[in-house]
Amino acid sequence: MFMLVAAGMLAAELATPAPAPASRSEVPVIAENWSVPAAPDKKVIAAAVRDTIADEKKREADYEAAHRYDSYTVFRTRPDQFEKFEVMFADAKVPGCLRPDGLKRQNTLIFGGILALPFIAVAKLRGKCN
């Protein structure tokens with residue numbers, strides 16, 4: 001990433017024309033023994049690219065770990081569309097008659113616990129549970 005930004009800055013700097021000197025006396029003199037630096041070795045470039053990619057992956061993993069959350073620790077005032085769908089899907093499922101939620105579709109009036117046992121048979125006959 002840093003290399004791309006540096007390359008972009010260098011390209012922008014090279015694209016802008018240098019101001020022309022006012023007279024020939026202001027032109028800078030280049031030393032006689034000036035030489036162009038050698039291009040970096042391909043192995044050095046490959047190692048730098050590998051290190052950069054590894055750093056980016058580590059930075060992304062650290063970001064993901066820092067921003068991960070449990071649904072139990074997040075408090076929301078309004079559920080999102082996926083949570084609404086999950087609740088509706090669970091509510092549409094026909095429960096088993098002997099399960100704890102077996103009578104969720106069968107009205108037991110004011111009876112609960114052992115007094116609700118006759119309603120299990122009624123729910124089964126009416127198709128309110130499996």
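None of the figures in this text is laboratory data; all of them are computed from the coordinates on show. What you see is a predicted model; the values in this text were computed from it and never measured. Ideal geometry is used to build each Cβ from the backbone, glycine not excepted, and the neighbour counts take in all protein chains shown.
Sorted on the mean count of surrounding Cβ atoms within 10 Å across their residues, most packed first, peptides 50-63, 116-129 read 116-129, 50-63.
Residue 114 to residue 83: extension gain in nm, 0.36 nm per residue of separation minus the Cα-Cα distance?
Once the chain is fully extended between residue 114 and residue 83, it gains 7.8 nm.
Inter-label distance, residue 126 to residue 104: 1.6 nm, where each label sits 7 Å from its Cα along the C-beta direction. The label-point distance for residue 56 and residue 97, in a model that sets each label 7 Å from Cα toward Cβ, rounds to 6.2 nm.
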